[in-house]
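Values quoted throughout were computed directly from the atomic coordinates according to the rules given, and no laboratory measurement underlies them. Since the structure is predicted, the reported quantities are computational estimates derived from the model, not experimental observations. Cβ: placed from backbone, ideal geometry, glycine included. Neighbour counts: every protein chain shown.
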Amino acid sequence: MSDTTSPWTLSMPEPQFDLMRRILAAPSPVGLEAAMTYGVLKPRFDSFAPSDWRLHQFKGHAGVVLDTHPGRDDLFKVMLIGHADKIRMQVRSIGEDGKIWINTDSFLPTTLLGHEVKLFSEDPQAPGKYRVIEGGTVEALGAIHFADPEVREGRKGVKKEQMYLDLQIHGENKKQQVENLGVRPGDTLILDRPIRHGFSPDTFYGAYLDNGLGCFVTAEVARLIAQAGGTDKVRMMFAIASYEEIGRFGSRVLAGELKPDAIIAVDVNHDYVAAPGIGDRRMQPLEMGKGFTMSVGAIASEQLNRIIETTAREHGIPMQRDIVGPDTGTDGMAGVLAAVDCVATSIGFPIRNMHTISETGNTRDVLAAIHAITRSVQALDALPDPHREFLDHHPRLDRAGALSHQGGDQPNEEKEEKK
């Protein structure tokens, strides 16, 4: 990693984009995350981790943690967390006509219509062995001709109870044809669309940016730290969590087991500027292509945020402030939920169309997050005593200085931009 370059100002190299594609493509629905953690990320960690680093494994879930200083509880422990689990659909029942009725989980039903999925079926004769069925589509109405007038005119939506998987079953004994495949209630479905380069420069789109991107960033920060020779005062724990989409259950276990002093969650955020129909909500103008985001709110540590923001400014890395209030909505809550005393914040990147098959992001935002986190970790490692830094320097509002009116002149940079 060269201090003379600014990777976040450049297009992502194709080999790096391909790694991101492979991580996001891993079939890792909630509860079945091992395809990403063990199938893609563990081999990736093994390819660059020094011999004295250690991979922590867990019994109750497929989360993993790459630890730079195993056993060194005297060091300042920083846990960087991405989550591997994807929202999924699930088989609810099988109809006599061969329709496979499904639950839609955290998807908006109307965004699923007509899209291809993969169905992962556990072999009834060999529990623990899975088969995949491809080529089915999610449907609800069949055709506009069969819809109620309110639905046809857009005055009424599609209910989640109407959603089913169509495997194009025909002929006699349709239900039996499905059952002969071993498909059963409880089987898992995920969207089938790997990420691709977008039309506009440095953009990409596809399914499950939430949150393969956080895992990709975590892995890339680990690689950069390893290439830079590691850390001395900071014990880094690069965590890939499970169960985030159903309540941050996986990361709280990781935090409870390893007791970090600081947590930095990495997860997708919203492009509020492009989000349709929310102008009257007065959301902060986060925007794709304008840099990574940093959570600011009651649960986010002002001390940790200060180090990240200062580091980003020193290196010219674009950053946006995200207002989160009492809950980051990410694995940044893991320490609080696990009753572990630690500072925490959440780093993200604005994307569009979250929880759809066409989530859209910008590679420069992702690169900005990777390098901002890497340099912030190195800034923490350069402190005389990271423990005392956070114990002794809590913000004191009683020491706030007076601020008077500053007039209406624009900063010079803004003036130049408008010329």
- Note on the structure: Expressed in angstrom and rounded, the centroid-to-centroid distance over alpha carbons for region 372-399 and region 222-290 is 19 Å
- Query: Given GLY157, GLY247, ASN211, which one lies farthest toward the positive end of the charge dipole of the chain, if we put +1 on the Cβ of every Lys and Arg and -1 on the Cβ of every Asp and Glu?
  - Reply: GLY157
- Message: Let's test the formula: R0 of 25 Å, r as the Cβ-Cβ distance of SER358 and GLN162. What FRET efficiency results, to the nearest 0.05?
- Response: 0.70
- Task: State, as an integer percentage, the relative contact order of region 176-267 based on alpha-carbon contacts under 8 Å between residues 6 or more apart.
- Result: 21 percent
- the chain: calculated mean residue ellipticity at 222 nm from DSSP helix runs of at least 4, using -39500 (n - 2.57): -7500 deg cm²/dmol
- Each label point is 7 Å from the Cα along the Cα-to-Cβ direction; what then is the distance between the points at TRP101 and ARG313, in nm? 5.9 nm
- Query: Tell me, what ³J(HN,Hα) does each residue in region 344-349 have, in order and in whole Hz, if you take phi through Karplus 6.51 cos²θ - 1.76 cosθ + 1.60 with θ = phi - 60° and put x for Gly and Pro?
  - Reply: 7, 7, 9, 10, x, 8
- Query: Peptides 179-187, 80-88, 253-261: what's the order by average Cβ count within 10 Å, highest mean first?
  - Reply: 80-88, 253-261, 179-187
- Note on the structure: Calculating mean projected area of the Cα convex hull in nm² from this structure picks out, from (1) 22.3; (2) 27.6; (3) 25.3, entry (3)
- Task: Just name one of GLY289, PRO318, PRO27: the one whose Cα is farthest towards the positive end of the charge dipole of the chain (beta-carbon charges, Lys/Arg +1, Asp/Glu -1).
- Result: PRO27
- Length-normalised contact order for the chain - Cα pairs under 8 Å, 6+ apart - percent: 21 percent
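Among HIS197, HIS61, what is the fewest-to-most ranking by other Cβ atoms within 10 Å?
Values: HIS197 17, HIS61 21.
Ordered by Cβ neighbours within 10 Å, fewest first: HIS197, HIS61.
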- Task: Just list whichever of LYS129/LYS175; LYS99/LYS175; LYS118/LYS156 have alpha carbons separated by over 18 Å in the model shown.
- Result: LYS129/LYS175; LYS118/LYS156
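If the chain between GLN125 and ALA143 were fully stretched, how many nm would it gain, using 0.36 nm times the residue separation less the Cα-Cα distance? Present the calculation step by step, with values, prior to reporting the outcome.
Details: separation 18, 0.36 × 18 = 6.48 nm, distance 3.70 nm.
Additional length available on full extension: 2.8 nm.
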- Candidates HIS69, HIS315, HIS270, ranked by Gaussian network fluctuation over the chain, Cα under 10 Å, top entry: HIS315
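By the gyration tensor of its Cα atoms, with a ≥ b ≥ c the square roots of the eigenvalues, what is the shape of region 81-140: rounded for a/c under 1.5, prolate for a/b over b/c, or oblate?
Numbers: a/c = 1.90, a/b = 1.02, b/c = 1.87.
Taking the square roots of the gyration eigenvalues as a ≥ b ≥ c, region 81-140 is oblate.
Given N residues in region 112-203, what is its alpha carbon radius of gyration divided by 2.2 N^0.38 Å? The partial results should precede the final answer.
Numbers: Rg = 16.9 Å, N = 92, 2.2 N^0.38 = 12.3 Å.
Output field value: 1.38.
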- Query: So in the chain, what percent of DSSP beta bridges are antiparallel if you round to the nearest 5?
  - Reply: 60 percent
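Within region 150-233, which chymotrypsin sites (Phe, Trp or Tyr not before Pro) sit in a loop by DSSP and count at most 13 neighbouring Cβ atoms inside 10 Å? Write out the running numbers ahead of the final one.
Values: sites: TYR164, PHE199, PHE204, TYR205, TYR208, PHE216; in loops: PHE199, TYR208.
Listed in order of number, the matching sites are PHE199.
Which helices pass in the chain if a helix is a full DSSP H run, must span at least 15 angstrom along its long axis by Cα, and must have mean Kyte-Doolittle hydropathy not below 0.0? Please report the intermediate quantities before stating the final value.
Details: long enough: 14-25 (16 Å, -0.21); 209-227 (27 Å, 0.79); 302-315 (19 Å, -1.18); 363-381 (27 Å, 0.38).
What comes out of the filter, once short or polar helices are dropped, is 209-227, 363-381.
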- Quick one: which of 297-306, 144-153 comes out on top by average Cβ neighbours within 10 Å, and what's the full order, highest first? 297-306, 144-153
- Note on the structure: The extension gain from ARG54 to HIS170, computed as 0.36 nm times the residue separation minus the Cα-Cα distance, is 36.5 nm
